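Structure record follows, encoded as structure tokens.
No lab work stands behind these numbers, since they all come straight from the coordinates. Bear in mind that the values here come from a model prediction, so they are computed numbers and not experimental data. A quick note on method: Cβ atoms are made from the backbone with ideal geometry, for glycine too, and the neighbour counts reach across all protein chains shown.
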Amino acid sequence: MTPIDDPRPFSEVLRDWMERHGLTDYAAAKRFGARDQATIRGWREGRPATYEPALRALMALVDQQAD
């Protein structure tokens, strides 16, 4: 299963993905091009991510590169 087709809420998928890749909020913000680490923290806490499908796709691409 990839982040794209994972049926769980984005916050759960993001937390798992960040843990698998050893990313902090700061590092994830840099990878996603987010404004700051507070954005990532908000997403992990369940705040909606406007571009969730694109973020899930980026997460899947990163996973493919790590394989």
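Per-structure values
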quantity: Residue-averaged 222 nm ellipticity for the chain, from DSSP H runs of 4+ at -39500 (n - 2.57), nearest 500; calculated: -19500 deg cm²/dmol
quantity: Theoretical FRET efficiency, 1/(1+(r/R0)^6), r = Cβ-Cβ of D6 and Q37, R0 22 Å, to 0.05; calculated: 0.45
quantity: Relative contact order [Cα under 8 Å, 6+ residues apart], segment 10-66, whole percent; calculated: 36 percent
quantity: Cleavage-rule hits, GluC sites (Glu not before Pro), the chain, DSSP coil, Cβ neighbours within 10 Å at most 10; calculated: E45
quantity: Radius, Kirkwood style, for segment 10-66 when every pair of distinct Cα atoms is counted (Å); calculated: 11.1 Å
quantity: Per DSSP, loop trypsin sites (Lys or Arg not before Pro) in segment 1-44 with at most 12 further Cβ within 10 Å; calculated: R35
